[in-house]
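Taking it in order: structure first as structure tokens, then the write-up.
None of the figures in this text is laboratory data; all of them are computed from the coordinates on show. For clarity, every value in this text was computed on a predicted model and none was experimentally measured. Cβ: placed from backbone, ideal geometry, glycine included. Neighbour counts: every protein chain shown.
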Amino acid sequence: MSVDVEEVRRQTRGVLGVIHLNNAGSSLVPSAVMDAVVGHLRREEEIGGYEAAEEAADRLEGVYSSVARLIGAGPNEIALAENGSRAWAMAVYSFPFVPRTRVLIGRTEYAGNVVALRHLAHRNDLQIVVLDDDPHGLVDVEHLQRELERGNVALVALTHVPMANGLVNPAEEVGRRCRAAGVMFVLDACQSVGQMPLDVQSLGCDVLAGTGRKFLRGPRGTAFLYVRASVLERLEPVLLDGHSAVPAGVGGFEVRGDARRFESWETSAAGRLGLGRAADYALELGLDAVQERVAGLAEQLRSELAAVPSVTVHDRGITRCGIVTFSVKGIDAGTIRTRLAQRRINVSVAPAPFTPSGPVLTGVQRGPEVVVRASVHYYNTETEIQRLVGFIRQT
Ligand SMILES: *Cc1c(COP(=O)(O)O)cnc(C)c1O
């Protein structure tokens, strides 16, 4: 089954007004998602917030099952959060770090995660080891293996799809190695969820964080966290409230047994319903079909851009995704973005994949620091891509 492009465009109001190629930033939401959000806000207006939540209780509970199905998890292994960074941090900050142990990360680890890990490293006297890239820019699994064999590893953190690079890291292989070594594996799937199938069993991750607004096409301010049931008990949440725990005994408390121990009580019910609807929408289309369409459009964009003499495409990797990064000789990325925006073509700028400007990276610096990032989704069309490339050719 393939994606019915005309149908998904009919279900996406935004495509009438813009050529949206900033799906790695925030996708256009399907009308069903926005209707779920606005519909619930209306009910809050009409009957009261608690009453509206009660009315939607089954649907709110269903959000956990929808998200769980999306990644092959159990509903009790899912927590909902307001953003991907916080979801990731709630699990990682809760890890029982032993001083002078090591944390292994890839070179393309998300910058926000790196800051958090440095914070944790200062607090817990940890060493952060940055794994080498292989010749394709992927995390070098053999280097990972050597470091795992050296031992003293607290956890391995990997970003599945970096925010500015076409590549998809070999998460399954990393998962296999971590499992064999008995080391916790934390996967940042914020850019992969919604553009490809994900299954936590085959990925072998113990923790996975995803955000709502990017390729999943959910509302902003929504995210989720997966924590494998078998490691839940090891992770005592760094923050507790009356939702994640209850007072117990004299002066004591009892933490919830499921992944909702990482949540806080007050939240946007409307946002959650939108997230659940977005997960259902992706599942209805089928993530295999989504991935095929996204990868195909991205390859079209890469090859058409590569045929323009002034353009350099920077993407690395073997299996590639919907994120395409490029630069145009003599024109900086910000200027290109502004000029495209004037024509209602949305792209973003991002740190160059080859530029070790990320907080962890060291090495030779070459070329522009910032590149144009055009990220396609299944609702984009071949014609939209030609419009973008046509404009770039004229500049
Ligand atoms: C966007 C992003 C995040 C953070 O998600 P937020 O919802 O913005 O907190 C984490 N990792 C990667 C790779 C991202 O692209």
Task: Over the stretch 212-350, volume per residue of the alpha carbon convex hull, in Å³ - done: 189
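On full extension of the chain, what length is gained from Q342 through E292, given 0.36 nm per residue of separation minus the C-alpha to C-alpha distance? Each step should come with its number before you reach the end.
Working: separation 50, 0.36 × 50 = 18.00 nm, distance 3.06 nm.
Extending this stretch completely gives an extra 14.9 nm.
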- [ ] Under 1.5 on a/c is rounded, so check that first for the chain, then, if it is not, pick prolate when a/b is larger than b/c and oblate when it is not; a ≥ b ≥ c are the square roots of the alpha carbon gyration tensor eigenvalues.
- [x] oblate
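Count the net charge of all other residues whose Cβ sits under 11 Å from the Cβ of V103, scoring Lys and Arg as +1 and Asp and Glu as -1. Before the final figure, lay out each step's value.
Values: positive: R102, R118; negative: E109, E147.
Net of charged neighbours comes to 0.
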TODO: Could you compute the FRET efficiency for Q145 and Q394, with r as their C-beta to C-beta distance and R0 at 56 Å, rounded to 0.05?
DONE: 0.70
Open item on the list: Once R0 is set to 35 Å, what does the formula 1/(1 + (r/R0)^6) return for the Cβ-Cβ distance between V18 and E45, expressed as a FRET efficiency to the nearest 0.05?
Closed with: 0.75
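On a full-extension model of 0.36 nm per residue, what is the gain between W265 and E55, subtracting their alpha-carbon distance, rounded to one decimal in nm?
On the way: separation 210, 0.36 × 210 = 75.60 nm, distance 1.79 nm.
In short, 73.8 nm is gained.
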Task: Antiparallel bridges, percent of DSSP beta bridges restricted to the chain (to nearest 5) - done: 55
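Calculate, for Q201 and T383, the FRET efficiency according to 1/(1 + (r/R0)^6) with r their C-beta to C-beta distance and R0 30 Å; round to the nearest 0.05. Working shown, then result.
Values: r = 39 Å, r/R0 = 1.30.
E(calc), rounded to 0.05, equals 0.15.
Looking at the P(r) of the stretch 1-133, how many percent of alpha-carbon pairs lie beyond 20 Å?
Working: 5904 of 8778 pairs.
Result: 67 percent of Cα pairs exceed 20 Å.
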- [ ] Per residue of the stretch 10-22, in order, report the coupling 6.51 cos²θ - 1.76 cosθ + 1.60 (Karplus, θ = phi - 60°) as ³J(HN,Hα) in whole Hz, putting x for Gly and Pro.
- [x] 4, 8, 10, 4, x, 5, 6, x, 9, 9, 9, 10, 10
Open item on the list: I'd like to know how the stretch 69-179 sits against the 2.2 N^0.38 Å rule of thumb: what's its Cα Rg over that expected value?
Closed with: 1.09
